[in-house]
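Working notes, structure below.
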Amino acid sequence: AVVATPVRVRELVAGLLVWAGVRVVVACVLFALVAAVGGAFTSPLAILSPVAGLLCGLAFAAGLAAVSSGTDADQWLVAIFRFVLVPLFLFSGTFFPIEQLADWIEPLAGLTPLWHGVELSRGFATGELDGFEDLDVAGATAQVPRERLLDLVEARIRRRGEESLSRQENSRSA
């Protein structure tokens, strides 16, 4: 329905990502408040931990928007959660250090945006940041795929909107 309004597709995609960012920030702030009350933070930099969550969340939001914009059914999302997101959580250092993983899996963990987000968040919580290297890597991880994914989402939504309009025109003429 929104595609039929004067909103351009790029604005629609930007709005989707802004809304995802707002939801991520709210969840991260609430989680940070609970962690602070529980004494999990040892550094004043912990106030920046929602930033790590935002960067990480936007990296995933852009990818999931790209996948979901190209399909009519939600079976893909179940597969993505089962075969991509759950293993990411297990092999990203979220629950235990990646040093406990097999040697061949450790380098793979460094390729995921979740690992960088976890490292950055831990760095903020403990004050043990490796200079600003963690922040640079996390920002680059979120930024690099975003433009290409936005282009893909825009193209898919535009195509689906055109298909929908042509179906409506065909049903009117029939």
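The values are calculated or read from the model by the stated rules, or taken from the named source; none is laboratory data. On a predicted model such as this, the values are computed, not experimentally measured, just so you know. Neighbour counts run over all protein chains shown; Cβ positions are idealised from the backbone, glycine included. SASA here: full protein model, heavy atoms, side chains in, ligands and nucleic acids out. Shrake-Rupley method; radii C 1.70, N 1.55, O 1.52, S 1.80 Å.
For the condition in a loop (DSSP other than H, G, I, E, B), aliphatic (A, V, I, L, M), closer than 22 Å to Val13 by Cα and open to solvent by less than 50 Å² (accessible area, probe 1.4 Å), what is the one hit in Ala62, Ala73? After ruling out the rest, the residue left standing is Ala73. When each of Arg23, Arg8 is tested for being more than 24 Å from Arg159 (Cβ to Cβ), of a type in the set (Lys, Arg) and surrounded by fewer than 16 Cβ atoms within 10 Å (Cβ to Cβ), the lone residue that passes is Arg23. Here Gly117 passes the criteria (1) at pLDDT 75 or above; (2) open to solvent by 30 Å² or more (accessible area, probe 1.4 Å); (3) within 24 Å of Cys28 (Cβ to Cβ); (4) not polar (S, T, N, Q) except the one numbered (2). Counting only residues that are hydrophobic (A, V, I, L, M, F, W, C), more than 21 Å from the chain's Cα centre (by Cα) and over 11 Å from Gly127 (Cβ atoms), the range 37-47 holds 2 of them. Select from the range 97-119 the residues that are within 21 Å of the chain's Cα centre (by Cα) and not in a helix (DSSP H, G or I) and list them in ascending order. Gly110, Leu111, Thr112 - these are the residues of the range 97-119 that are within 21 Å of the chain's Cα centre (by Cα) and not in a helix (DSSP H, G or I).
Residues considered: Glu154, Glu162. Of these, the only one that is part of a helix (DSSP H, G or I), open to solvent by 80 Å² or more (accessible area, probe 1.4 Å), modelled with pLDDT of 65 or more and of a type outside the set (Ser, Thr, Tyr) is Glu162. The selection criterion, being open to solvent by 30 Å² or more (accessible area, probe 1.4 Å), touching a Leu at 6+ places or on another chain (Cβ under 7 Å) and either under 26 Å from Glu11 (Cβ atoms) or of a type outside the set (Val, Ile, Thr) (or both), does not hold for Leu90.
Restricting Val34, Val29 to residues that are surrounded by fewer than 12 Cβ atoms within 10 Å (Cβ to Cβ), of a type in the set (Val, Ile, Thr) and within 27 Å of Thr126 (Cα to Cα) narrows the list to Val34.
The condition of being in a helix (DSSP H, G or I), of a type in the set (S, T, N, Q) and under 30 Å from Glu128 (Cα atoms) holds for Ser49.
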